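Only one structure is covered here, and it is reproduced in the block below.
The values are calculated or read from the model by the stated rules, or taken from the named source; none is laboratory data. Computed from a predicted structure; not experimentally measured. No Cβ is skipped: glycine too gets one built from the backbone with ideal geometry, and neighbour counts run over all protein chains shown. In case anyone asks, the SASA skips ligands and DNA or RNA and just uses the protein heavy atoms, side chains included. Shrake-Rupley method; radii C 1.70, N 1.55, O 1.52, S 1.80 Å.
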Amino acid sequence: DDINNYKNKKFFLSRSKSHLLDGNSSAGQIKRRQIINEVEFQNQLKKYDIDFIFLEDYTLEEKIKIFKLSDLIISPNSGGLLFALYSSESTNIIELNVETPHQISKQYYDICNSFNIPYTKFICDKVDQNDNMSVNINDFISLIKNENSSAKSANWECPPLGKLNLILKYSKEQQCLK
């Protein structure tokens, strides 16, 4: 049974080959929302038993199990975070993004907030117009070790949505963006 491959595990979802996927070929295979210091980041996270994976290498069923059974998911802003819909309240989600992305998006916060899934948005240094980023590794390690740190994380000002109030999400989001 492959449940033990995911249960109580910690994963980093890499985007380092996302620019090679078929859907991105029309965009000239431009790298977007990738971690430029990912090798160094990976080496540090391995010390905390965090596995680096490419979500695109897994079946739909495996992706659901990863989000439902794992303890921690770390990912740059990515469509793969939609699988947070399958997460349990014991799965912690950490989204990596730049402070001012060219596309403002808080749907992963909304999903996690609506279903009581622990969520943190960790702010990284923006290195180009494609929202590629550099992670301050020391601050990130302090964050996952629950130490007091100077790590920058975003706090959304919108009121929490109830578990069953997803229908109201759009109107509340529009109010918050004004």
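Whenever a residue of region 52-68 is on the phi < 0 side of the Ramachandran plot and surrounded by 14 or more Cβ atoms within 10 Å (Cβ to Cβ), its partners that are hydroxyl-bearing (Ser, Thr, Tyr) and part of a helix (DSSP H, G or I), lying with C-beta atoms within less than 7 angstrom and at least six residues away or across chains, give the pairs 64/86; 67/86; 68/86.
Would you tally the residues in region 39-51 being closer than 22 Å to residue 127 by Cα and surrounded by fewer than 19 Cβ atoms within 10 Å (Cβ to Cβ)?
Of the residues in region 39-51, the ones closer than 22 Å to residue 127 by Cα are 39-45.
Filter once more, so that each one left must be surrounded by fewer than 19 Cβ atoms within 10 Å (Cβ to Cβ): 39-40, 42-44.
The qualifying residues number 5.
Looking across region 1-40, the residues that are more than 15 Å from the chain's Cα centre (by Cα), modelled with pLDDT of 75 or more and under 20 Å from residue 131 (Cα atoms) come down to 36, 37, 39, 40.
Residue count for region 44-93 under the criterion of being charged (D, E, K, R) and farther than 24 Å from residue 142 by Cα: the result is 7.
Residues in region 43-55 that are closer than 15 Å to residue 73 by Cβ and in a helix (DSSP H, G or I) were compared, and the one that is farthest from the chain's Cα centre (by Cα) is 45. Annotation: residue 89 fulfils all but one of (1) open to solvent by 40 Å² or more (accessible area, probe 1.4 Å); (2) closer than 23 Å to residue 6 by Cβ; (3) of a type outside the set (A, V, I, L, M, F, W, C); (4) not in a loop (DSSP other than H, G, I, E, B); the unmet one is (4).
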